[in-house]
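This report concerns only the one structure given below.
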Ligand SMILES: C[S@@+](CC[C@H](N)C(=O)[O-])C[C@H]1O[C@@H](n2cnc3c(N)ncnc32)[C@H](O)[C@@H]1O
């Protein structure tokens, strides 16, 4: 707790500096990559230099909204909305849970020097999607975060979400409901933050709804689950479109991509049917090597193991998991790192469990 308060105080002091920082709208990609922290496993921030400077202080109020994101991810979202976002399209925030990301984007837009022009184009520039129904993992999160709010699986947390984003609600078009029923967008998307791709169907839906709306040379896609050890379809869907993107870097469990050319609808429609098994495995390997952090690559290998099980069966997946253990001996040996140990444990359980039907 004391540590948290110390961090908050420090951030508060830094916040003033952030508001006077020079606005840099021309964050063109450069080949220079900036390593912001050579931190512990899974904590490395490594971003293209043009974007690295956006990871800076944030208003304290952004920290009040409980979130599954790391502090650098929140700082990055705030920095994007306040110093990168130029109002050429909207900001899409999909899978907002209690509103942490929406809060960061909202405060960012509010401190954006071009906010008046932005608001003229887009009266509510942030479009947030959330079903707001408690899932079986959420009560544990409420407990661990010591929230005064609690609810049981199946209950709604919409009122808590609305309460959290109240300070920025005038900037937000909050769309409550099943994302599978989300309506088509008729405007460009400049920043696309995705933390909703929990099934292959949700992933395809998001790619089809948003990717043809990206602005070449401008739009960023941030995949919050990219370096998560599950959800292999996110990696294959994104890597299948690699020719349309530049990889900008890694922060928390997020991977950041800059759209560099228009993506034809037909390509997006083909994502579901055109990826043969061998191609999916190749793409999963490419995704694995996006990260410079061996621990994140270990997670990506575990994610690929799930794909191997789906495409080639349990025996092949078991053989691949054993290979992973020999290829990542340091990560396997780090039994004191709970995230690494837990990921491996879940992989083992996944292999013995009957496959669940994923839509
Ligand atoms: C991992 S959480 C997002 C965490 C959030 N980004 C944060 O920083 O705290 C994923 C969210 O996606 C939402 N979600 C999952 N499936 C959905 C669906 N079909 N429609 C709408 N929202 C959905 C969940 O309710 C959940 O809040």
> Given the stretch 131-203 reduced to its alpha-carbon atoms as identical point scatterers, what log10 I(q)/I(0) does the Debye formula return at q = 0.14, 0.23 Å⁻¹?
Replying inline: -0.59, -1.31
> Which residues in the stretch 256-291 have a backbone N closer than 12 Å to a point placed 7 Å from the Cα of residue 201 along the Cα-to-Cβ line?
Replying inline: none
> Is the stretch 28-150 best put as rounded, prolate or oblate by its Cα gyration tensor, with a ≥ b ≥ c the root eigenvalues, rounded for a/c under 1.5, and otherwise prolate when a/b is larger than b/c, oblate when not?
Replying inline: oblate
>> Quick check on the chain: helices-only [θ] at 222 nm, where DSSP H runs of length 4 and up contribute -39,500 (n - 2.57) each and the sum goes over total residues. Nearest 500, please.
In response: -13000 deg cm²/dmol
> Between residue 353 and residue 152, 0.36 nm times their residue separation minus their Cα-Cα distance comes to what?
Replying inline: 69.8 nm
>> How large is log10 of I(q)/I(0) for the stretch 253-341 at q = 0.26 Å⁻¹ when the intensity is taken from the Debye formula with one equal scatterer per alpha-carbon?
In response: -1.35
> What FRET efficiency do you get for residue 144 and residue 261 if R0 is 51 Å and r is their Cβ-Cβ distance, rounded to the nearest 0.05?
Replying inline: 0.75
> Separation of the stretch 36-115 and the stretch 194-273 by C-alpha centroid, Å?
Replying inline: 18 Å
>> Can you compute the modelled spin-label distance between residue 342 and residue 273, with each label point 7 Å from Cα toward Cβ, in nm?
In response: 4.1 nm
> What's the center-to-center distance, using Cα atoms, between the stretch 117-150 and the stretch 287-326 in Å?
Replying inline: 31 Å
> Given a cut-off of under 8 Å on Cα pairs at least six residues apart, what relative contact order in percent is computed for the stretch 124-228?
Replying inline: 28 percent
>> Taking the number of other C-beta atoms within 10 Å as the exposure measure, put 70, 203 in order starting with the fewest.
In response: 70, 203
> Most mobile of 185, 307, 63 per a Gaussian network model of the chain (Cα springs, under 10 Å)?
Replying inline: 185
> What do you get when you divide the Cα radius of gyration of the stretch 291-352 by 2.2 N^0.38 Å, with N the number of residues?
Replying inline: 1.04
> If you bin the C-alpha pair distances of the stretch 193-255 every 10 Å from 0, what whole percents do you get?
Replying inline: 21, 60, 19
> What FRET efficiency, computed as 1/(1 + (r/R0)^6) with R0 = 35 Å and r the Cβ-Cβ distance, is obtained for residue 178 and residue 330, rounded to the nearest 0.05?
Replying inline: 0.25
>> Can you tell me the mean projection area, over all orientations, of the convex hull of the chain's alpha carbons? Units nm², please.
In response: 17.6 nm²
> Among 161, 231, 60, which one moves the most in a GNM of the chain with springs linking Cα atoms closer than 10 Å?
Replying inline: 60
> Which residue, 72, 41, 329, has the most motion in a Gaussian network model of the chain that connects Cα atoms within less than 10 Å?
Replying inline: 329
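Readers should treat all values here as calculations from the given coordinates under stated rules, not as data from a laboratory. In this text the structure is predicted, and so the values were computed from the model without any measurement. Quick reminder, even Gly has a Cβ in these numbers, built from the backbone with ideal geometry, and neighbours come from all protein chains shown.
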